[in-house]
Each structure stands twice: as C-alpha cells, then as structure tokens.
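Visitor: If you scroll down you'll find the structure; I have some questions about it.
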Amino acid sequence: MVYHGIIHRYKGLLDIPQNIKAISLAEGNTPLIPAPAVAKALGASFDLFIKFEGLNPTGSFKDRGMTTAVSEAAHSGAKAVICASTGNTAASAAAYAARADMRAVVIIPAGKVAAGKLAGAIAYGADVIQIDGSFDDALTLVIKLSEKHPIALVNSLNPFRLQGQKTAAFEICDALGEAPDWLALPVGNAGNITSYWMGFTQYNTLKNTRLPQVLGVQAAGAAPLVLGYPIEKPETVATAIRIGKPARGEEALSAAQVSNGMIVSATDEEILAAQDLLAASGIWVEPASAAGIAGLKNKINDGTIDLEGKQVVAVCTGHGLKDPDIIAAKFKQPKILPPDLMTLEKEILHG
Ligand code: F0G
C-alpha cells in the first residue's frame, strides 16, 4: 500500500482544518531500530530502540511539522513562508514550500549551519539569508517580519508545527503497543519535546497507552533549561541545538517535570562519543541527534536513573549526512596510493 504521509495517516487526531489539502513528501513512518549493542555500551540491561528521524524526506524530523505548517499556510492563502534556523528547519521549509509552489525565506546564523543543511535549502530553491548573529537573533527578527508582512512563520512557535511533530509519539505507541518507559531526545528550541509530550498525552487519553518519562538533553555550551537562564553566546559542536533562548522552554520544563523526567546536559565530547557509538551500530546521525544517548549515558553512570529491564526510545532527529564535516575531524590526511594490487594488499593487511 502506498504511504501518504502523516496528515493522511493521522488527520482526525490533528488540530488542523480537516478539509486541508496536504502538502506532503510522505514524511513520517520512520523505523524504530533496535540497538542492543548501544544499550550494552551504556552499561545497563534494557531494551533500546532508536526512532531514526533522519530517514524523513529532507533528513530530519522537521518534515513532520513542516507538512502541517506549510499545508495550513497554503490553505490560508499564504504565498511565502519564513523561518529562522540552525539548518534543518530551513531545508525542510524550503522543500515543502517548493512542493506548495511558495517562496521560502530562511534566515540562518552565518558560519554555524552544517553543510548538508545549507545545501538542502539551496537545492530546494529557498532564499537563504545569513546574519552575523545567532539563531536566537534570527528568530526575533523573523517573528517581527512575519508580523509586518504577509509571510507565514514556520518556526515551532507556529502551533501547526507541533500538530505534525506529535505524530512521532503516535507512531511509537502504534509500534510498541504503548509508550516506552523513557523517551530521550535532544532539546534546542524545545518544540520537539513539547510535541512528543502532546502526542503521548493525547494518545494516552484516547487509547490508554501510558506516558513515558522524558529525558531532554541540551548541549553543555547551550543549556539554558539546565542552568535556568538564557545563554547569550551558546556554543556547541551540535550546531542544530546551538540555541540560548528556547522559544518553548517553559513547555519543555513542564513536560520533563510532569513526566517525572528531567532536562540534562551533555558535553561536546560526550555527544561525539555517542555519535560514534551509534555509528558503530550502523546508525549515522548528526551530532545533535546523539545528545539523547549521551544524556542517557550520563544519567546511568551517575546513578540518577535505573533503566534495568526498561524499554527506552532515543529519538535521533537528523541524519549524519547533514553534517559531513566529521571528515575533517576524523580523516585528516587520507593517503593516496598507486593503483596496484601489492601496495593495496600491504596497506589493508598491515596498515
Ligand atoms: N535535533 C536536530 C537535528 C535539530 O535540527 C533540532 C532543531 C533539534 C534536535 C532540537 O529540536 O528545536 O524542537 O528542540 N533544529 C532547529 C532548526 C532549531 O532550525 O533546524 P527543538
């Protein structure tokens, strides 16, 4: 059967105009990949699944929220969309706007967007504008621009974004039969953690699927929700979550508290180690996406959470291909050898 995306699959559960025409790229329906070797490396005996959101059409979870936000913008007659972005939102907005025959304007922090994301935004035909400022500066500006001009804001302040993104929680419950004991995920602007919590609570009310404890993970250099105050100059290798003033911070803190979970931080070293660990299981994610695993490891190590016998889902939000600069860090001086069998044999067998 042909799959038609999350609006088609879950429309009756989404707070969107029910006569909406879906602008879709068949997003969603991402796999839950068992990751026993990763769980073992974290040092506890539990069932771990990776919800691999990097397998969405533009390579990140943003497509779930963009199908609903752009469909609604088109439904309301908008001819253009705008967003601030650390990269993935930009690529996704660009793709869905192209699909809807709308203009996309994306504002990004100069020099802080990973190559695969910028390439995507350009390929899908967005007007890409770099600013000499942070994501937070860009967000403040696009809010003002969308108030002044007829251009639809598609950051996660747009409630239709959350309506789409909550479908990931529905999919997890549909696949497992109920919510997992814990859900771990990275937190940046905090739209996604808010959406998951909305999805799990809605499903629990409708279908009694229980609620997970939520572990939100920020990068240590961009951890306003852990520290309790905004960060003026956030810095992290996980550029997707390089955000100092999350727009939905209050909702994220509430989801963590009500779920009996927590929001914690992980250092860049811990995030990159988690990225390696996932890659060693064949799952290559961008750095930010590994933050959930890094946070789980920290909390298992310091004894704060006991996962023994539990079922855990870690959301890996974006594909490794988004941020190929890992090559620079790990593969500095590739040798170039003559094309002959003996030289290659020597290299392969003896290094
Ligand atoms: N993971 C990835 C790969 C992301 O791109 C983002 C956010 C997050 C996690 C955090 O999600 O903001 O809902 O808490 N990226 C946004 C962007 C900010 O512009 O692409 P969040």
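The values are calculated or read from the model by the stated rules, or taken from the named source; none is laboratory data. In this text, all values refer to a predicted model and were calculated from it rather than measured experimentally. As a convention, Cβ positions derive from the backbone with ideal geometry for all residues, glycine included, and neighbour counts pool all protein chains shown. Each accessible area value is taken on the protein alone, full model and side chains, heavy atoms only, with ligands, DNA and RNA left out. Shrake-Rupley method; radii C 1.70, N 1.55, O 1.52, S 1.80 Å.
Visitor: Would you please put 51-57, 131-137 in order of how densely packed they are, using the mean number of other Cβ atoms within 10 angstrom per residue and starting with the highest? Mind showing how you got there, number by number?
Guide: Working: 51-57: 23.7, 131-137: 18.6.
My ranking of the peptides, most packed first, is 51-57, 131-137.
Visitor: Can you list the lysines whose alpha carbon is less than 29 Å from that of residue 11, not counting same-chain residues fewer than 8 positions off?
Guide: Cα-Cα hits under 29 Å: 21, 51, 62, 79, 117, 166, 207.
Visitor: Continuing with this model, one more query. Lysine pairs in the range 216-351 with alpha-carbon atoms under 23 Å apart, 8 or more places apart or on different chains: how many are there?
Guide: 9
Visitor: What accessible area per residue comes out for the range 34-90, rounded to a whole number of Å², with a 1.4 Å probe?
Guide: On the way: 1580 Å² over 57 residues.
Accessible area per residue, the range 34-90: 28 Å².
Visitor: Taking loop as defined by DSSP and a crowding limit of 13 other beta carbons within 10 Å, which GluC sites (Glu not before Pro) in the range 175-251 fit?
Guide: Values: sites: 178, 232, 235, 250, 251; in loops: 178, 232, 235.
The qualifying sites are 232.
Visitor: With the full set of protein chains in place, find how many percent of the accessible area of the chain is carbon and sulfur; take the probe as 1.4 Å. Kindly include the intermediate steps, with their values, before the conclusion.
Guide: Values: 8490 of 15190 Å².
Its accessible area is 56 percent carbon and sulfur atoms.
Visitor: Sticking with this structure for a sec: Which value, in debye to the nearest 20, gives the size of the charge dipole of the chain about its Cα centre, when Lys and Arg are +1 and Asp and Glu are -1 at the Cβ? Intermediate results must be reported in sequence, preceding the final value.
Guide: Values: 30 positive and 33 negative charges, 150 e Å.
Dipole size: approximately 720 debye.
Visitor: Looking at the chain, what % of its DSSP beta bridges pair antiparallel, to the nearest 5?
Guide: Working: 5 of 36 bridges.
Rounded to the nearest five, the antiparallel share is 15 percent.
Visitor: Pick from 42, 13, 341: which is most flexible by mean-square fluctuation in a GNM of the chain where alpha carbon atoms under 10 Å apart are linked?
Guide: Result for the chain, Cα springs under 10 Å: 341 fluctuates most.
Visitor: Further, regarding this structure: At 1.4 Å probe radius, can you tell me the per residue accessible area of the range 101-167 in Å²? Write down the numbers at each step before the final one.
Guide: Values: 3030 Å² over 67 residues.
Ligands and nucleic acids excluded, the result is 45 Å² per residue.
Visitor: Continuing with the same structure: Say we join alpha carbon atoms closer than 10 Å with springs in a Gaussian network model of the chain; which of 175, 280, 328 then has the biggest fluctuation?
Guide: 328
Visitor: Among all the aspartates and glutamates, which ones have a C-alpha under 20 Å from residue 40's C-alpha, if same-chain residues fewer than 8 places away are not counted?
Guide: List returned: 181, 269, 270, 276, 302, 306, 308.
Visitor: Per residue, how much accessible area does the range 272-351 show when a 1.4 Å probe rolls over the protein heavy atoms, in square angstrom?
Guide: Values: 4600 Å² over 80 residues.
Normalised by residue count, the accessible surface of the range 272-351 is 57 Å².
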